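Participant: Mind looking over this structure? Questions follow.
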Amino acid sequence: MQVSNECRLEFPSKSSNEAFARVAAAAFAAQLDPTLEELEDVKTAVSEAVTNCIVHAYPESVGRIRLKMRILEGGVLEIAVQDWGKGIEDVEKAREPLFTTGGEERGGMGFTIMESFTDKLRVRSRPGRGTVVIMQRQIRSRQRRP
Amino acid sequence: MTIHSDYAGGRLTAYLSGELDQHEARGAMRSLDGLLDAYLPRDLVLNLSELKFMDSSGIALMIRLSRRMKATGGRMWIENPARQPKRVIDAAGIDRLIPVAAGSL
Ligand SMILES: Nc1ncnc2c1ncn2[C@@H]1O[C@H](COP(=O)(O)OP(=O)(O)OP(=O)(O)O)[C@@H](O)[C@H]1O
Ligand SMILES: [Mg+2]
């Protein structure tokens, strides 16, 4: 697989970094000449994944979040969001709509939203070790559009 | 994010603008709870025409508001959502729970 560009960012799990991560992902995606709608999709998916690290992976502390972005063949944007926090016991269950361990303040719709705003979503997690969410989204360059 | 509101004839309309994520959600909920306490409206309308961005934190906030309104026999709906919030609302399927009105744009 050919990678034409890549970028790696690390930041602490502070909620003010949600907006930063969205803007950083959109700035990286910009080289693929995306439409506004595609940029919104990327921002939405990144916001969900990063918020999960902040809220669930490191509920009582501030930990590290890594955002890795790559441009793959054919204009596919791949974004990996990784943490070294709590981990997920049952990934399949966590991905189901409405499943949440977050109580009143969460709705359990994050993974559902990530799935509908990307083409491909993989989740790897180990309890006590951390989680990585890898998303892929095809960006159809505006120039290459019919 | 900022919230403006107006109240007339039992209906409170809250205009949300800016970005609604987890960072902003707690403050937004506090403001909206404060408005509901002050006006005790029969209807709550969330106008999202100026909301530039929203994620699942916004969905959770809307579900809580809808529960609060239902508990007091009131109604709630969403009005004129901008494109990105609308697509998140659709993906989460909450339009089955909270009506979305396209309204007078
Ligand atoms: N990075 C993570 N670390 C640990 N647990 C996670 C992580 N991401 C998700 N989870 C678990 O998966 C569940 C489902 O996540 P999802 O984003 O779908 O919903 P939520 O975050 O609970 O609610 P919402 O996203 O709607 O606010 C979470 O409640 C949590 O238990
Ligand atoms: Mg979530």
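Participant: If we scan segment A:63-74, do we find a residue that is out of contact with any Asp or Glu (no Cβ under 9 Å at 6 or more places or on another chain) and at pLDDT 95 or above?
Facilitator: no
Participant: OK, next. Return a yes/no flag: does segment A:56-72 have any residue that is in a helix (DSSP H, G or I) and within 22 Å of B:L20 (Cα to Cα).
Facilitator: For segment A:56-72, residues in a helix (DSSP H, G or I) and within 22 Å of B:L20 (Cα to Cα): present.
Participant: Could you tell me which of the residues A:R70, A:R66, A:R106, A:R95 is basic (K, R) and near ligand 2 (Cβ under 9 Å from one of its atoms)?
Facilitator: Criteria check complete, one pass: A:R106.
Participant: Only one of these is modelled with pLDDT of 95 or more and on the phi > 0 side of the Ramachandran plot: A:G103, A:G110, A:G128. Name it.
Facilitator: Every option except A:G128 fails the conditions.
Participant: While we're here: Of the conditions (1) assigned to a strand (DSSP E or B); (2) within 14 Å of chain A (Cβ to nearest Cβ), B:I3 clears all except one; give me its number.
Facilitator: (2)
Participant: Hey, another quick one. Determine which member of the set A:Q2, A:Q82, A:Q31 is surrounded by fewer than 22 Cβ atoms within 10 Å (Cβ to Cβ), more than 14 Å from every other protein chain (Cβ to nearest Cβ), within 16 Å of ligand 2 (Cβ to nearest atom) and farther than 28 Å from B:D95 by Cβ.
Facilitator: Of A:Q2, A:Q82, A:Q31, the one residue that is surrounded by fewer than 22 Cβ atoms within 10 Å (Cβ to Cβ), more than 14 Å from every other protein chain (Cβ to nearest Cβ), within 16 Å of ligand 2 (Cβ to nearest atom) and farther than 28 Å from B:D95 by Cβ is A:Q82.
Participant: Of the residues that sit in segment A:47-89 and are of a type in the set (D, E, K, R) and more than 9 Å from ligand 1 (Cβ to nearest atom), which one is nearest to A:F28 (Cα to Cα)?
Facilitator: A:R70
Participant: Consider segment A:91-116. How many of its residues are part of a helix (DSSP H, G or I), within 15 Å of B:G93 (Cα to Cα) and within 6 Å of ligand 1 (Cβ to nearest atom)?
Facilitator: Going through segment A:91-116 one residue at a time, the tally reaches 2.
Participant: I need a count of the residues in segment A:118-146 that are open to solvent by less than 30 Å² (accessible area, probe 1.4 Å), in contact (Cβ under 8 Å) with a residue 40 or more places away in the chain and near ligand 1 (Cβ under 10 Å from one of its atoms).
Facilitator: Matching residues across segment A:118-146 total 4.
Participant: Also: Restricting to segment A:102-117, count the residues that are in contact with a strand residue (DSSP E or B) (Cβ under 6 Å, 6 or more places away or on another chain) and open to solvent by less than 20 Å² (accessible area, probe 1.4 Å).
Facilitator: Selection size over segment A:102-117: 1.
Participant: Would you tally the residues in segment B:51-105 being part of a strand (DSSP E or B), in contact (Cβ under 8 Å) with a residue 24 or more places away in the chain and over 14 Å from A:I113 (Cβ atoms)?
Facilitator: Number of matching residues: 8.
Participant: Could you tell me whether segment B:14-28 includes any residue that is farther than 26 Å from A:V46 by Cβ, without any contact (Cβ under 8 Å) to a residue 40 or more places away in the chain and surrounded by 15 or more Cβ atoms within 10 Å (Cβ to Cβ)?
Facilitator: yes
Participant: Just to be sure I understand, how many residues within segment B:50-84 are among the polar types (S, T, N, Q) and open to solvent by 40 Å² or more (accessible area, probe 1.4 Å)?
Facilitator: Count: 1.
Participant: Next question, about the same structure. Restrict the check to segment B:45-55 and report whether at least one residue is over 11 Å from the mean Cα position of the chain (by Cα), of a type outside the set (G, A, S) and more than 16 Å from ligand 2 (Cβ to nearest atom).
Facilitator: Yes, that holds for at least one residue.
The values are calculated or read from the model by the stated rules, or taken from the named source; none is laboratory data. Since the structure is predicted, the reported quantities are computational estimates derived from the model, not experimental observations. Note that we place each Cβ from the backbone using ideal geometry, even for glycine, and neighbour counts take in every protein chain shown. For accessibility, only protein heavy atoms count, side chains too; no ligands or nucleic acids. Shrake-Rupley method; radii C 1.70, N 1.55, O 1.52, S 1.80 Å.
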